[in-house]
1. Those residues that are over 13 Å from the mean Cα position of the chain (by Cα) and at pLDDT 95 or above, I need them from region 184-206; list them, please.
2. Looking at region 26-46, I want the residues that are not assigned by TED's automatic domain parsing to the domain that holds residue 73 and have a partner that is exposed (fewer than 12 other Cβ atoms within 10 Å of the Cβ) and not in a helix (DSSP H, G or I) with Cβ atoms under 9 Å, at least 6 apart or on another chain. Which pairs are those?
3. Please enumerate the residues belonging to region 204-222 that are under 23 Å from residue 453 (Cβ atoms) and either in contact with a strand residue (DSSP E or B) (Cβ under 6 Å, 6 or more places away or on another chain) or surrounded by fewer than 23 Cβ atoms within 10 Å (Cβ to Cβ) (or both).
4. Checking the conditions here, which among 83, 78 is over 16 Å from the mean Cα position of the chain (by Cα), closer than 23 Å to residue 299 by Cα, in contact (Cβ under 8 Å) with a residue 12 or more places away in the chain and not in a helix (DSSP H, G or I)?
5. Do you know which of the residues in region 369-385 that are crowded, with 21+ Cβ neighbours inside 10 Å and at pLDDT 90 or above is farthest from the chain's Cα centre (by Cα)?
6. Give the residue that is nearest to residue 179 (Cα to Cα), with candidates limited to residues of region 409-441 that are in contact with a strand residue (DSSP E or B) (Cβ under 8 Å, 6 or more places away or on another chain) and surrounded by fewer than 20 Cβ atoms within 10 Å (Cβ to Cβ).
7. Taking residue 408 as meeting all but one of (1) over 28 Å from residue 204 (Cβ atoms); (2) out of contact with any helix residue (DSSP H, G or I) (no Cβ under 7 Å at 6 or more places or on another chain); (3) modelled with pLDDT of 95 or more, write down the number of the exception.
8. Kindly indicate whether residue 398 is crowded, with 23+ Cβ neighbours inside 10 Å and under 24 Å from residue 102 (Cβ atoms).
């Protein structure tokens, strides 16, 4: 039995793992690489296998770095079933159709830039370049038709139910507490149990339930996004959010919150609604400027079965925590462009969360040199992204080919993260060791540290090893034999 680490190895993105039992070949996730140009370029590398020989795919959740290459896999010949929860199925359709559309748009931009560059005016080509260069492509990886074909192959499964995956392989999904529908995937092959953590959510996160704690496995693939880091207490993050909103109100300014359309935006609406209900902040207008986030919120409402007890209780009392009363949804591009002329103060929540594309870039262009504006980061910023550079304190950035001074206020909180921090990750993995010793049934033979930047992986590994667990940090495309 062999396990191949085809993504999410020494990097946070591109999650993809191949389990080859000898009689079946099963993929867990097929995600897109994101972030720096070097990372994005990996999406163009040929698959490390023949897609026609893959028997099935298990999808942990709907974020692009876990599902983004599935249509490309289908277009390349994959014809097996795709297993996912019902909520993940719906959210994945939203994400992938948007990705196909954006790839077409970026390819057209690249063609126009190439034409301008060949006209003998390199400055004209330079002026068109903005942060979206991080995802610039010459040809789309897949089309909307490929997405629809992939969605037609999804088989929905419920948390806790065991289901046949392929010859000699069964699966079971457990709530990962990361975003709606997210799953920890437990695979049983022969006499071995392999657990794929997916992305582990933080305990006490709003809306969704806490991550499931498992007790038995032979091998575990464990994410390490926040290895070596501990989130600030959620209460402190809420305090900073309230302070920032009040400061924006007093300054008559604008608060811009870059936010991932799925998961983070819904969490932010929940937090803003709670602050307003507690009268800790004034009723500032909130522009929700993300068509994808609006559609994702509608999907959230259709899957209240995945909500935690607190959120379900609020809904039972007709208190909708996904509805900020002063929100203005700007799905139309003209409405989005008109926000800059609105009476201040106001707030904007727009995607995407790392400033690598999306409507948030237009707002950033308008606000980057405005001292009365505040840019508040509420999520992870991948290495090499514009968000990471701003978070690190750069004083100049290039937007739309022009150099701009950073005069707006930059603030960050990480207590709203959808990822478990290091203490929570260690608490989760220790579930496999409680009441057992190495060699006992259910005590993992090895834990593979994945889905983290190198510093995070190396910070987490010795602490996992201190629990008595054997560990390994696999390299990209490394193959390991499971004994």
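The values are calculated or read from the model by the stated rules, or taken from the named source; none is laboratory data. What you see is a predicted model, and the numbers here were worked out from it, not measured in a lab. So basically every Cβ, Gly included, is an ideal-geometry build from the backbone, and we count neighbours across all protein chains shown.
1. Of everything in region 184-206, those that are over 13 Å from the mean Cα position of the chain (by Cα) and at pLDDT 95 or above turn out to be 184, 185, 186, 187, 188, 189, 192, 193, 194, 195, 196, 197.
2. none
3. Hits for region 204-222 are 219, 220, 221, 222.
4. 83
5. Filtering first and then ranking leaves 373.
6. That would be 412.
7. It is condition (2) that residue 408 fails.
8. Against the criterion (crowded, with 23+ Cβ neighbours inside 10 Å and under 24 Å from residue 102 (Cβ atoms)), residue 398 does not qualify.
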